Amino acid sequence: MAKEDITNIKIDYHKVTIQLVSGEQIESRSTWGKENSVLKLDTDCFTHSAWKKNKSERNAEARGREAKFNKKFGSLSNFKISK
């Protein structure tokens, strides 16, 4: 693509409505859909388990994954995870 072609690109941002799982609606600008389209989310930061947990719960899960890894690969000392 020539430099002239790149400078002539016009990105079509337009107003869309994002509908969260709770039904709350947020207006934003996007290249998705058409003007005034509604994007209905089936999961969002308020309902997804990765975002709902507090920091101590996420840390406990990480320690559990480390223990599982060490149990499986502990005999290979080069791969052992330790902090």
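Quick notes on this one:
- Residues satisfying the stated conditions in segment 13-39, i.e. exposed (fewer than 13 other Cβ atoms within 10 Å of the Cβ) and closer than 30 Å to residue 61 by Cα: 22
- Among all positions in segment 23-35, there is no residue which is basic (Lys, Arg) and modelled with pLDDT under 90.
- In segment 22-76, the residues that are of a type outside the set (Val, Ile, Thr), out of contact with any Leu (no Cβ under 7 Å at 6 or more places or on another chain), in a loop (DSSP other than H, G, I, E, B) and under 24 Å from residue 11 (Cα atoms): 34, 35, 36, 37
The values are calculated or read from the model by the stated rules, or taken from the named source; none is laboratory data. No experiment lies behind these values; they were computed from the predicted model shown. When we count neighbours, we look across all protein chains shown, and the Cβ atoms used for this are built from the backbone with ideal geometry, even at glycine.
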